[in-house]
Each structure stands twice: as C-alpha cells, then as structure tokens.
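The values are calculated or read from the model by the stated rules, or taken from the named source; none is laboratory data. Remember, it's a predicted structure, so these values are computed and weren't measured experimentally. Virtual Cβ from ideal backbone geometry, glycine too; neighbours counted across all protein chains shown.
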Amino acid sequence: MAAASVVAVIASFPSPSSDTIPGIGVKYYGVMIALGVLAAVSLARKRWKAAGHDPDEIADIAVWAVPFGLVGARAYHVITDWQIYRGQSFLKVFEIWNGGLGIPGGIFLGILGGVLAARFYKIDVKSCADAMVPAIPLAQAIGRLGNYFNQELFGRPSDLPWAVEIDPLHRPPKYADSPAFQPTFAYEALWNLGAMGLLIWIDSKKILRPGKMLPAYLTAYFTGRLWVEYLRSDAANEIAGLRVNTWVSLIMIVVGLVWLFWGGLLRPVEERGIKPEPWTPPVEGEASGLVSAQSEDGVGEPGPEVDGPLVEGNVAEADEPEAGVGVDPHEGS
C-alpha cells in the first residue's frame with residue numbers, strides 16, 4: 001500500500017513553474033548554457049595544465065570557439081526548422097534565449113573556431129583537442145537542462161516514473177491529451193556525461209594516437225543522438241522518412257569511425273601510459289635567483305691570490321727585464 005502511494009507521488013516529474021528566474025527576468029535556458037560553457041572551460045583548463053601546458057591558453061581558445069559554436073548552433077536550427085520563422089520578423093532569428101540551438105551546428109563551427117584559435121596562437125591542434133574534447137559533452141549535458149525549463153525536446157507520451165509533465169501549451173497537437181512524456185533531453189544529458197567519463201578514462205590510459213579523441217567523441221555523441229532522435233515526438237523536417245537529425249547522426253557516425261581508424265587507432269605499445277609532467281607557472285625572478293646562487297658558489301668570482309709577479313701586472317710585464325746599466329729597456333720593441 002505504501003509502495004503504491006510512493007509510485008503515485010512520483011508518477012512523473014512536474015513541469016517547471018516558469019522558464020524565467022523570478023525577480024530578474026533571466027531565462028533559465030540561457031543560464032544553463034552559460035553554466036555549461038563555464039564548466040567546460042574549467043575542465044579543459046585542468047586537463048590542459050595536467051598535459052604540461054599553460055591553462056590560460058584555454059581561455060584564449062574559448063573566446064573563439066564559444067561564439068563560433070553559438071552561431072553554428074543557431075544557424076543549424078534556423079536552416080533545419082526554417083518553417084518556424086516563415087512570416088516572422090527577421091529579428092526572431094537572433095532570439096536564442098527562447099531556445100532553438102542545433103547541437104550539430106554548434107559542434108561543427110565550434111570545432112572550426114577552436115582550430116583557428118589554436119593556429120593563431122601557435123598551439124598544437126591535436127594535443128589541445130585531446131585535452132579539450134571531454135569538456136564538450138559536459139557543456140552539452142548542462143545545457144540540455146535548459147530544455148526542461150523551456151519544455152521542449154521531449155519524447156513520446158509515457159507513464160514511466162521518470163516521465164516529465166508538459167503543459168498543454170507546449171504539447172504537440174496530436175498528443176494534446178497526454179500529460180507526461182519521455183524526458184529525451186535528460187537521456188541525452190546522461191549519455192553526454194557517460195561519454196565524458198569514457199573519454200577521460202581512455203585518455204588517461206594514453207592508448208589512442210594523438211588527435212583521435214575528437215573522432216572518438218563524434219562517434220560516441222552521435223550514436224547516442226541517434227537513439228534519442230528515435231524517441232522524440234516534436235515536429236521535424238524529414239528526408240526519405242527520417243528526421244534530418246537522424247541523417248546527420250548517421251553521417252557523423254560514419255565520419256567519426258573512418259577518422260578514428262584512418263592512419264591507425266592505437267599508439268605504439270612503448271608509448272602507451274606515458275603521462276606528461278603537469279604545467280607549473282614560472283617563478284618570478286627565477287633568472288636573477290640563479291645568478292645569485294652562482295655568485296654564492298664562486299662562479300664568476302676572482303680566483304685565490306697567487307704569489308709571484310702575476311698578482312700585479314701581466315705576463316709581459318713579468319718577463320720584461322729590469323732596466324739597468326747598459327740595458328736599453330726599449331730594445332727589441
């Protein structure tokens with residue numbers, strides 16, 4: 001009886017009371033995106049430092065990659081769901097705080113921005129990508145929570161205990177009488193966290209060749225996205241009976257696998273498990289301290305006194321005979 005009561009209470013998760021933070025009018029969706037970016041940068045900094053590099057370089061790259069990613073994500077959404085904006089003001093295209101970011105587009109342009117930044121700052125692209133890649137699914141996982149507050153990207157109707165309630169205003173017309181749905185945004189968030197953990201573990205073993213973390217991520221993410229797309233119920237454009245995102249996922253899985261195995265997958269056995277020394281900031285005044293230490297050790301100091309004519313004067317002066325009777329001191333000069 002008690003168990004039945006508990007199940008009745010947790011039959012579904014309630015929908016959020018508002019999509020805006022009370023009192024300040026800021027959208028939860030935007031907050032989740034910002035928190036995801038901050039968490040990703042923090043993780044990437046730690047990993048880049050552990051790889052023996054200056055963590056501040058990650059911030060330099062993020063300044064490029066994040067705007068590129070946002071533009072790419074918004075552009076992908078607008079292109080693949082263009083009918084939403086038909087007849088609307090052109091300014092609607094830029095209202096990202098209302099939702100509408102396509103992850104595939106964010107990945108494509110975000111990677112491009114990161115590569116351009118790395119080349120601009122003369123940072124090795126492969127090693128930097130290997131350090132930064134696990135931070136991408138972390139940002140995605142946190143950002144997906146914004147879909148809960150916007151009541152979007154949910155799946156089909158469900159009576160599972162973890163189903164999420166959706167207000168009538170946000171339900172698809174064909175499911176207007178269904179109160180709860182599969183929380184596909186949560187499934188994708190959990191998948192991303194699992195992908196992040198797997199990538200970090202793989203990299204800790206140093207078994208993949210340099211530069212292979214990125215295709216490993218692409219393969220892992222789009223594999224998860226493929227089955228999540230199957231569960232979604234929101235309207236979407238289709239090609240040959242499949243959602244556009246399903247086609248993109250299939251293509252990217254193939255690209256990721258080919259990239260992963262092209263040129264070899266694993267490091268040579270003798271190179272596996274070798275970890276670099278963590279980066280440490282240079283000590284201010286280190287050079288002057290070295291000079292002082294050398295002085296204390298006698299480096300560069302005058303040597304001990306030597307008895308004889310070399311103490312004062314030079315060799316030439318010591319060998320020169322003293323002037324005397326019958327001797328011309330300038331003879332032979």
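Here is how the numbers come out for the structure above:
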| quantity | calculated |
| --- | --- |
| The stretch 41-69 residues that are touching a residue at least 24 places away in the same chain (Cβ under 8 Å) and closer than 19 Å to E277 by Cα, paired with ones that are surrounded by fewer than 20 Cβ atoms within 10 Å (Cβ to Cβ) and of a type in the set (G, A, S) (beta carbon under 8 Å, 6 or more apart) | A51/S127; H53/S127 |
| Residue check, A141 farther than 17 Å from L231 by Cβ and not aromatic (F, W, Y) | yes |
| Criterion (of a type in the set (S, T, N, Q) and surrounded by 14 or more Cβ atoms within 10 Å (Cβ to Cβ)) met by exactly one of Q140, Q88 | Q140 |
| Where I123 falls short, out of the listed (1) more than 30 Å from E238 (Cα to Cα); (2) more than 13 Å from the chain's Cα centre (by Cα); (3) among the β-branched types (V, I, T); (4) assigned to a helix (DSSP H, G or I) | (4) |
| Which numbered condition I200 fails, given (1) surrounded by fewer than 18 Cβ atoms within 10 Å (Cβ to Cβ); (2) more than 27 Å from G52 (Cβ to Cβ); (3) touching a Pro at 6+ places or on another chain (Cβ under 8 Å); (4) in contact (Cβ under 8 Å) with a residue 12 or more places away in the chain | (2) |
| Failed item, numbered, when N245 is tested on (1) surrounded by 12 or more Cβ atoms within 10 Å (Cβ to Cβ); (2) at pLDDT below 95; (3) in a helix (DSSP H, G or I) | (2) |
| Residue count for the stretch 86-120, restricted to those that are in contact (Cβ under 8 Å) with a residue 12 or more places away in the chain and not in a helix (DSSP H, G or I) | 4 |
| Every residue from the stretch 209-242 that is of a type in the set (V, I, T) and not in a helix (DSSP H, G or I) | I239 |
| Residues of the stretch 204-227 classified as of a type in the set (V, I, T) and without any contact (Cβ under 8 Å) to a residue 60 or more places away in the chain, total | 2 |
| Any hit, the stretch 156-174, residues being crowded, with 19+ Cβ neighbours inside 10 Å and touching an Asp or Glu at 6+ places or on another chain (Cβ under 8 Å) | no |
